[in-house]
Amino acid sequence: MIIDAIRNGIVIDHIPASLSMKLYRILGLDDLSCSVAVLKNVASSKLGRKDIIKIDEIIDLNWDVLGYIAPDITVNIIRDGELAEKRHPQLPTQLTNVIFCENPRCITTTEQELPHIFKLTDPEQRIYRCIYCEARAKKHE
Amino acid sequence: MKSLIDILDLTTAEIDELISKANDIIDHPDRYAEKCRGKKLATLFFEPSTRTRLSFEAAMYELGGHVIGFSEASSSSTSKGESVQDTVRAVSCYADIIAMRHPKEGAPKVASMKASVPIINAGDGGHNHPTQTLTDLLTIQREKGRLNDLRIGFCGDLQFGRTVHSLISALSRYHNIHFTLISPAELKLPDYIKVDVLQKKKLDFEETAKLDQALPNLDILYMTRVQKERFFNEADYIRLKDSYILTPEKLKNAKSDLCIMHPLPRVNEISCAVDDDPRACYFHQVLNGKFIRMALILKLLEID
């Protein structure tokens, strides 16, 4: 399979196998008009299998989403065919409207215009809690 | 402008300051009779309550202030579909401070983000009830003279009892507290308190199903109601319910200076025959609730 080399764009590498489509959806990549390639189950010496996303344009990424879904990924920014920057997302301290509170007793169930805000309460265990009812966010699959 | 949404919003120094102020109010009520002259407390109770609402209202009246508000959602614009955010923005125009009870968890937090006056969480569903915890801490301090070096037993429904969870979190910040958790297996303390608070802070605790065996070692017994609807089958409820009823007979083995507490309302978990026992503190607790709320209103309104 041949995917054209990127001249100006982004390569999201080291995505745990099977997470690429989730990232594709949450990052809104289906709304882009440029070429986007999703490579699934690529052989990796580090991970065994990994996914890769290639975007043929430099776009603004939601780093909070990247950090929450896959904090161990590598984001390569390509400019003029050269690797210009290599970044790793951080675990975000707060997430707004990325995950949604599932506690049926939470005020967000009745006040539907409220933003769903989660705070990182335990970085070691990667636990996020709703700022209103403190319900723990379910671990993403 | 500060609000009180969760007991852990307050440092232990701030809690000590509130307890000290409440004690001063108890000793010198006349000094405080005019402190809130010209101030208004709004009590926004979106679900019914007896003690908490009346306690807030009595507290404000004894400080010389006024009270406005409603005691059920049906008599507010909520029945027309108004949001909590809009209600508190409007009420902020009329009152200097708001006490809010709401069936939805997190509603007072939302209110505190939108209101221009301090918000006091007067209970949000099964989540938080910080003024009950302050009441409990004042009661323990007055009855035992300290908040450190205590053996406290929590008995009954430890799974759903928000007052138990908040008091354990608050006491976990004091020294040398031994927790005895007395409950049927069905109603044990949830893991997020046991693991996140007790085990994480390496606090001394034990779990047992037997009140009789735990009672002789306790300085404080905090009773809660075992509700029939919490059980999966009626047979289990019938098997267990009597073992968590406190009677004069069971108290024979308890310490002479035991302090018996209950957040009330009780149903039958403390026999009325215990009420005259000098160790019964649950009605002192009710009275203390008014004084600590007076201290809290003064603190949040920044009145000395």
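Here are the numbers for the structure shown:
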read-out: Complete set of residues in region B:75-103 that are at pLDDT below 90, more than 10 Å from chain A (Cβ to nearest Cβ) and in a helix (DSSP H, G or I); value: B:S75, B:S77, B:S79, B:K80
read-out: Complete set of residues in region A:40-54 that are free of Cβ contacts under 8 Å to residues at least 40 places away in the same chain and either part of a strand (DSSP E or B) or in contact with a strand residue (DSSP E or B) (Cβ under 8 Å, 6 or more places away or on another chain) (or both); value: A:K40, A:N41, A:V42, A:A43, A:S44, A:K46, A:L47, A:G48, A:R49, A:K50, A:D51
read-out: Total residues in region A:15-34, condition open to solvent by 40 Å² or more (accessible area, probe 1.4 Å), touching a Lys or Arg at 6+ places or on another chain (Cβ under 8 Å) and closer than 18 Å to A:I78 by Cβ; value: 0
read-out: Scope region A:96-105; condition at pLDDT below 95 and either within 12 Å of another protein chain (Cβ to nearest Cβ) or open to solvent by less than 20 Å² (accessible area, probe 1.4 Å) (or both); matching residues; value: A:N103, A:P104, A:R105
read-out: Residue in region A:51-60 that is within 14 Å of chain B (Cβ to nearest Cβ) and charged (D, E, K, R) present; value: no
read-out: 2 or more residues of a type in the set (D, E, K, R): qualifying strands (runs of 3 or more DSSP E) within region B:160-279; value: B:204-208
read-out: Residue identified as in contact with a Cys (Cβ under 9 Å, 6 or more places away or on another chain), open to solvent by less than 50 Å² (accessible area, probe 1.4 Å) and touching a residue at least 60 places away in the same chain (Cβ under 8 Å) among B:I297, B:I260, B:I292; value: B:I297
read-out: Conditions (1) surrounded by fewer than 15 Cβ atoms within 10 Å (Cβ to Cβ); (2) more than 24 Å from the chain's Cα centre (by Cα); (3) in contact (Cβ under 8 Å) with a residue 60 or more places away in the chain; number of the one not met by B:S77; value: (3)
read-out: Test: residue in region A:117-124 that is assigned to a loop (DSSP other than H, G, I, E, B), open to solvent by 20 Å² or more (accessible area, probe 1.4 Å) and free of Cβ contacts under 8 Å to residues at least 40 places away in the same chain; value: yes
read-out: All positions within region B:212-257 that are open to solvent by less than 70 Å² (accessible area, probe 1.4 Å), under 22 Å from the mean Cα position of the chain (by Cα) and closer than 19 Å to B:S271 by Cβ; value: B:L218, B:I220, B:L221, B:Y222, B:M223, B:T224, B:V226, B:Q227, B:Y244, B:I245, B:L246
read-out: Selection count, region A:120-136, where residues are touching a Ser or Thr at 6+ places or on another chain (Cβ under 8 Å), within 12 Å of another protein chain (Cβ to nearest Cβ) and farther than 20 Å from B:Q85 by Cβ; value: 2
read-out: Enumeration of residues in region A:94-112 that are part of a loop (DSSP other than H, G, I, E, B) and either over 26 Å from the mean Cα position of the chain (by Cα) or more than 14 Å from A:A135 (Cα to Cα) (or both); value: A:N97, A:V98, A:P104, A:R105, A:T110, A:E111, A:Q112
read-out: Some residue of region B:52-70 being among the small types (G, A, S), away from every other protein chain (no Cβ under 14 Å), surrounded by fewer than 23 Cβ atoms within 10 Å (Cβ to Cβ) and not in a loop (DSSP other than H, G, I, E, B); value: yes
read-out: Filter result for the condition that a residue is at positive phi and touching a helix residue (DSSP H, G or I) at 6+ places or on another chain (Cβ under 6 Å), over B:G38, B:G106, B:G81; value: B:G106
read-out: Candidate set from region B:17-32 (those that are touching a residue at least 60 places away in the same chain (Cβ under 8 Å) and within 21 Å of the chain's Cα centre (by Cα)); member that is surrounded by the most Cβ atoms within 10 Å (Cβ to Cβ); value: B:A22
read-out: Criterion violated by A:T109 - all others in (1) open to solvent by 80 Å² or more (accessible area, probe 1.4 Å); (2) facing chain B (nearest Cβ under 10 Å); (3) without any contact (Cβ under 8 Å) to a residue 12 or more places away in the chain; (4) not aliphatic (A, V, I, L, M) satisfied; value: (1)
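The values are calculated or read from the model by the stated rules, or taken from the named source; none is laboratory data. Values in this document were obtained by computation on a predicted structure and should not be read as measured data. Cβ: placed from backbone, ideal geometry, glycine included. Neighbour counts: every protein chain shown. Just so you know, the surface numbers come from the protein's heavy atoms only, side chains and all, with ligands and any DNA or RNA stripped out. Shrake-Rupley method; radii C 1.70, N 1.55, O 1.52, S 1.80 Å.
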